[in-house]
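The structure appears below as structure tokens.
The values are calculated or read from the model by the stated rules, or taken from the named source; none is laboratory data. Just so it is clear, the model here is predicted, and its values are computed rather than measured. In this analysis, Cβ positions are derived from the backbone assuming ideal geometry, glycine residues included, and neighbour counts consider all displayed protein chains. These accessible areas exclude ligands, DNA and RNA; they are computed on the full protein's heavy atoms, side chains included. Shrake-Rupley method; radii C 1.70, N 1.55, O 1.52, S 1.80 Å.
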Amino acid sequence: MKRTLVLVLAVVAAGIAGTAGSATPRSGALHVTKECSQYAGLAGQYCTITSSNIPAIKVGSKVVYASAAGDPTPGQLNSDLIIDGPGNNTAYGHVVLDLSTFTGVVTFSGGTGEFRWFHARAIVSPLGWPNFAWDGTYSFTGSDDE
């Protein structure tokens, strides 16, 4: 009986210790807002993250667009982008946005640092110029052990 109790307590303690370091869920809902007063539709310009429900996407990080609005498709922002976080933390993504409604889809697949295993898909919606929201889902899939 005493051995069984010790074994049960050891298993419970191991479970608690195993989850203590994983404060960030591995997947869930994604809610991000950004402001784009520094973005005029040119390649290399950026928006700034103003809120995020996941710790990897930090307030103040820049969303930098690789292509100009309307290039290659008039009326659309169809561009690769990065979330440029502090340190070596960069997420790689792509956005397709209708410039007449300012609605679209942004996707992310991998990156560096905290974003190494990051994947997300979100709907882009306007909140009133220059503010926008991303609402969707995210996951951190994979590990260095695979």
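Key figures for this structure:
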read-out	value
Nearest-0.05 FRET efficiency for Thr103 and Asp71, computed from C-beta distance (R0 30 Å)	0.95
Spacing of the two label points (7 Å from each Cα toward its C-beta) at Ala133 and Asn88, in nm	3.6 nm
Accessible surface of Thr90 - all protein chains present, 1.4 Å probe, nearest 10 Å²	20 Å²
Residue-span extension gain [Glu35 to Trp117] - 0.36 nm each, minus C-alpha spacing	27.0 nm
